[in-house]
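One structure below.
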Amino acid sequence: MACNLRALMHAPHSTLAHLAQTHGPLISLRLGQHQTIIASSSTTAESILKTHDRDLSGRVIHPSYQYHLRGFIEHSLVWSQPNDQWRKLRRILHSELLGQRMMKAQAWIREKKVVEMVNGLKERKEGGVVDVGQVVFETMLSLFCELVFSCGLDGLEMSGSELKKDVWRFMEFMGKGGFRMQDHVPFLVKLFGGGKRDNNSVGLVMNRVIRSWEGIITRRRSMRSESGRGSDFLDILLGCGYSDIEINVFLLEILAAGTDTTATTIEWAMSELIKHPKSMSKLNQELQQVVLLHQEQQEQNQDCSKDVQIIRESHLPHLHHLHACINETFRLHPPAPLLPHYALNSCQLMGYEIPKGYPVIVNIWAIGRDPEVWKNPLEFLPERFCSNEDKEGYWCNNKVEYNGSDFRLIPFGSGRRMCPGIGLAEKVVPLILASLVHGFEWRLTDGMELEDVQMNAKFGLTMKKDPPLLLLHKVKN
Ligand code: HEM
C-alpha cells in the first residue's frame, strides 16, 4: 500500500490508525521509497514485542538523523541497535538510577521535590494562570538535577521554560523521523537538510541543552581527581570512564525521555479530570479518605514527625481510583504513541514475511482505542479498570497492568526495548497527580466552559496536548 507522506507528517498516529480500520491491524505501507510495517492491534503488538522481540528490536537511523545528529547519534542509547554498548548503558541505568534498589533509596528525594512543587504553587498568587505541563516538567527537571548532579534547578545555566521548549523541539524532530520526505528521497537531505536550519535546528537545540550542564561536568572532573568517587549519577558515569560527549548524549536522552513523557501524562490526566468533574470529585474523596486514615494511624503511633496533609508514596497503593484514572489516561493518550522498531533479521510475522531492514512501527495509540478490545473506546471511563465485569469480553478488569505483560495497554512498550524508566514513572506520575488534586481546587480560566477544553495533540516522539492546559488554582483549606 502506498501512502501520502504529507498526511502522515501532521498526525501519523491517527492517520495510521485510520488506515488500520480499513486495511486491518498489520499493514505494509510504502512511505516514499521504503516499505514500513505497521501493527495496530494487541495481537500484532504481542507478536512483534514478544514472539519476535529478538528480530524486531532494532532502530532505524533515518537520513535526517544522520545529517543533523552527526557526532551524537553514535553515542545514543535510544537509537542504538541492541548491542553491547546499549546493554551496558541500560545496565547502568537500572543499577544506578532507575532499578528497584534506587527507587527505594530515592523515595525521600521524589517526595521532597513534589513538596517543593506544592509549596511553589501555594506561594503563587491565587487566580493566576498555571501552565500545568510546565509545572510538572520543572518538577521532573528538578528531580533529574538532584539525582544526576546533586543540585537544584538553579544549578543549570538555562531556565526551566527554555529547557522545556528545547526538549520539545528535540522530541518533535526525533518523532517525525521516517515521516519526512527527506528520509525517503536521500538527495533531499543534502538539499534541505532534515528539518529546520534556523536557531532551532535540532543540532543547535541539543548543544544548547548540553551547555546548560557542561560547567557542572567540567568542575566535577577536576574535583574527582582530588577527592575520588562521589555518590550521584554523574559520579558513576565519570567513574565508568565515559567521555564528555558520551555523558552528554546519555543525559540528554534520559532528560528528554523522563521529563516530557511524565509532564505530558499528567497534563492529559488533569485535562480529562477537569472535563469529567465526577471523576475529579471521586478522586478528591478518595484522597481525603486515605490521607485521613493514615493521619489517624500516625496519631495512634504518636508519630507527629510528618506533615499529615502531604501525599506520600506510602499512600499510593491505597489510591485505586487514582490508578484507574492514570491507566485510562495512558490508554487514551499514551505519551509515546508509536514504537519505532526495525527488523534486524528477516522473520515470519503472523504468516507474513518481514524482510531484514524494514522499519516496524507499533501504534499503541490505535491499540488503546481499538473497539474490538475496549467498549466505548473514546470515552474517559476510569471505572473500566476498577470493575471485574468482563461479561462481553470488552470491559477490562482491574487486573490490566501496564508493565508490558498485557498487550491491550502498553504505554511503556514491552520486551527488551521496554522503557527502563517505568519504575520511576510508576512512582512520580501518581504522586504528582495526587498532590495537585489534593492540594488545590482547579478551575478553567474565566469565560472557558468544559467543552472549550481542546483535547488536540501535537505529534513528536511524545504526543503533547495542544494547546497546553492552563488552569486557575486555589489552595484548599
Ligand atoms: C510516563 C512516563 C513514560 C512513558 C509513558 C514512557 C514510554 C516509553 C516508551 C513507549 C519507550 C519506547 C519503547 C520501545 O521502543 O519499544 C520508552 C523508551 C525509553 N524510555 Fe521511557 N517512558 C516514560 C518515562 C521514562 C523515564 C522517567 C525515563 C528515565 C528517566 C525513561 C527513559 C527511557 C529510555 C532511556 C528509553 C529508550 C530505551 C531503549 O531504546 O532501549 N522513560 N519509554
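Summary of computed values
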read-out: Filter result (within 29 Å of residue 8 (Cβ to Cβ) and charged (D, E, K, R)) within segment 417-432; value: 417
read-out: Residues within segment 234-269 that are within 14 Å of the ligand (Cβ to nearest atom) and over 17 Å from residue 224 (Cβ atoms), tallied; value: 20
read-out: Residues being assigned to a helix (DSSP H, G or I) and over 15 Å from residue 256 (Cα atoms) - total across segment 148-186; value: 8
read-out: Hits in segment 398-454 - residues which are under 30 Å from residue 84 (Cα atoms), buried (at least 21 other Cβ atoms within 10 Å of the Cβ) and of a type in the set (S, T, N, Q); value: 414
read-out: Scan of segment 270-282 for residues that are crowded, with 23+ Cβ neighbours inside 10 Å and either away from the ligand (no atom under 16 Å from the Cβ) or not in a helix (DSSP H, G or I) (or both), ordered by number; value: 273
read-out: Residue satisfying condition, being part of a loop (DSSP other than H, G, I, E, B) and either in contact with a helix residue (DSSP H, G or I) (Cβ under 6 Å, 6 or more places away or on another chain) or modelled with pLDDT of 95 or more (or both), within set 391, 306, 356; value: 356
read-out: Test set (1) closer than 15 Å to residue 25 by Cα; (2) buried (at least 24 other Cβ atoms within 10 Å of the Cβ) - residue 351 fails condition number; value: (2)
read-out: Residue satisfying all of: in segment 345-381; within 26 Å of residue 460 (Cα to Cα) and among the small types (Gly, Ala, Ser); nearest to the ligand (Cβ to nearest atom) among these; value: 368
read-out: Any chance residue 56 is within 15 Å of the ligand (Cβ to nearest atom), of a type outside the set (Val, Ile, Thr) and surrounded by 21 or more Cβ atoms within 10 Å (Cβ to Cβ); value: yes
read-out: Tally of residues being under 21 Å from residue 312 (Cβ atoms), within 14 Å of the ligand (Cβ to nearest atom) and touching a residue at least 60 places away in the same chain (Cβ under 8 Å) across segment 423-466; value: 10
read-out: Qualifying residue in segment 69-86 (condition: within 22 Å of residue 347 (Cα to Cα) and assigned to a helix (DSSP H, G or I)); value: no
read-out: Residue within segment 122-143 that is over 27 Å from residue 474 (Cα atoms), modelled with pLDDT under 95 and part of a loop (DSSP other than H, G, I, E, B) present; value: no
read-out: Only one of 51, 22, 43, 15 that is hydroxyl-bearing (Ser, Thr, Tyr), open to solvent by 10 Å² or more (accessible area, probe 1.4 Å) and within 15 Å of the ligand (Cβ to nearest atom); value: 51
read-out: Selection status of residue 326, buried (at least 23 other Cβ atoms within 10 Å of the Cβ), of a type outside the set (Gly, Ala, Ser) and within 16 Å of the ligand (Cβ to nearest atom); value: yes
read-out: Selection status of residue 348, assigned to a helix (DSSP H, G or I), more than 28 Å from the chain's Cα centre (by Cα) and either farther than 21 Å from residue 373 by Cα or of a type in the set (Lys, Arg) (or both); value: no
read-out: Checking residue 342 against (1) within 16 Å of the ligand (Cβ to nearest atom); (2) among the hydroxyl-bearing types (Ser, Thr, Tyr); (3) open to solvent by less than 20 Å² (accessible area, probe 1.4 Å), the condition it does not meet; value: (3)
read-out: Residue in segment 96-109 that is at pLDDT 95 or above, open to solvent by less than 30 Å² (accessible area, probe 1.4 Å), away from the ligand (no atom under 13 Å from the Cβ) and over 21 Å from residue 363 (Cα atoms) present; value: yes
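So that you can scan it fast, the table gives a plain yes or no per residue for (1) closer than 22 Å to residue 112 by Cα; (2) touching a helix residue (DSSP H, G or I) at 6+ places or on another chain (Cβ under 7 Å); (3) not aliphatic (A, V, I, L, M):
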site: 239; (1), (2), (3): no, no, yes
site: 267; (1), (2), (3): yes, yes, yes
site: 316; (1), (2), (3): yes, yes, no
site: 335; (1), (2), (3): no, yes, yes
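The values are calculated or read from the model by the stated rules, or taken from the named source; none is laboratory data. Small disclaimer: the values here were computed from a predicted structure and weren't measured. Note: ideal-geometry Cβ built from the backbone for every residue, glycine included; neighbour counts use all protein chains shown. To get the accessible areas, we keep the full protein, side chains included, count just its heavy atoms, and leave off ligands, DNA and RNA. Shrake-Rupley method; radii C 1.70, N 1.55, O 1.52, S 1.80 Å.
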